[in-house]
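Below is one structure; the comments refer to it alone.
The values are calculated or read from the model by the stated rules, or taken from the named source; none is laboratory data. None of these values were measured; they are calculated from a predicted model. All Cβ positions, even for glycine, are placed from backbone atoms using ideal geometry, and neighbour counts span all protein chains on display. Heavy atoms of the whole protein, side chains included, go into the accessibility calculation; ligands, DNA and RNA do not. Shrake-Rupley method; radii C 1.70, N 1.55, O 1.52, S 1.80 Å.
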Amino acid sequence: QVQLVESGGGLVQAGDSLRLSCAVSGPTLSTEIMGWFRQAPGNDREFVAGVTWDDASTYYANSVKGRFTVSRDNAKNTVYLQMTSLKPEDTAIYYCAADIKRYRSGYSVKYWGQGTQVTVSS
């Protein structure tokens, strides 16, 4: 059983930066995608960014490209999301996700973290 524990959320102002961390425990495959989703009030949960354990290939939603960077530290079993130039519309609960599968129609996720709140004030 994979367990994910997020940290690093908080309240920031527009234009600020924030880094989220996700500590991963349990069995993971080197080829699987780890990453982040977010859910704002009244919205569906949406994909933000993903990274593979082995070759660190990365994937981003168009809304965060150029502002967010996803990375992983295999030695620490930790996935990060560095967020810069934050906007009020980035306000959401951010969820760490493991064993992400990408499909033409969307994504599936096998494991979720508990979520961490990110609030960006204008």
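Selection of the stretch 68-109 for residues being more than 13 Å from the chain's Cα centre (by Cα) and either within 19 Å of Ser21 (Cα to Cα) or of a type in the set (S, T, N, Q) (or both) yields Asp73, Asn74, Ala75, Lys76, Asn77, Thr84, Ser85, Leu86, Thr91, Ser105, Ser108.
For the stretch 16-32, give me each residue that is under 17 Å from Phe68 (Cα atoms) and open to solvent by less than 50 Å² (accessible area, probe 1.4 Å). Outline the logic, then answer.
Of the residues in the stretch 16-32, the ones under 17 Å from Phe68 (Cα atoms) are 16-22.
Result: Leu18, Leu20, Ser21, Cys22.
Kindly evaluate Tyr59 against the criterion of being touching a residue at least 24 places away in the same chain (Cβ under 8 Å), more than 20 Å from Ser17 (Cβ to Cβ) and either out of contact with any Phe, Trp or Tyr (no Cβ under 6 Å at 6 or more places or on another chain) or among the basic types (Lys, Arg) (or both). Spell out how you get there, then give the answer.
Values: touching a residue at least 24 places away in the same chain (Cβ under 8 Å): yes; more than 20 Å from Ser17 (Cβ to Cβ): yes; either out of contact with any Phe, Trp or Tyr (no Cβ under 6 Å at 6 or more places or on another chain) or among the basic types (Lys, Arg) (or both): yes.
Criteria met by Tyr59.
All conditions but one from (1) without any contact (Cβ under 8 Å) to a residue 12 or more places away in the chain; (2) more than 15 Å from the chain's Cα centre (by Cα) apply to Thr28; the one that does not is (1).
Table: residues versus (1) touching a strand residue (DSSP E or B) at 6+ places or on another chain (Cβ under 7 Å); (2) modelled with pLDDT under 95; (3) under 20 Å from Ser7 (Cα atoms); (4) open to solvent by 80 Å² or more (accessible area, probe 1.4 Å).
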| position | (1), (2), (3), (4) |
| --- | --- |
| Phe47 | yes, no, yes, no |
| Trp53 | yes, yes, yes, no |
| Ser63 | no, no, no, no |
| Met83 | yes, no, yes, no |
| Asp99 | yes, yes, yes, no |
| Tyr107 | yes, yes, no, yes |
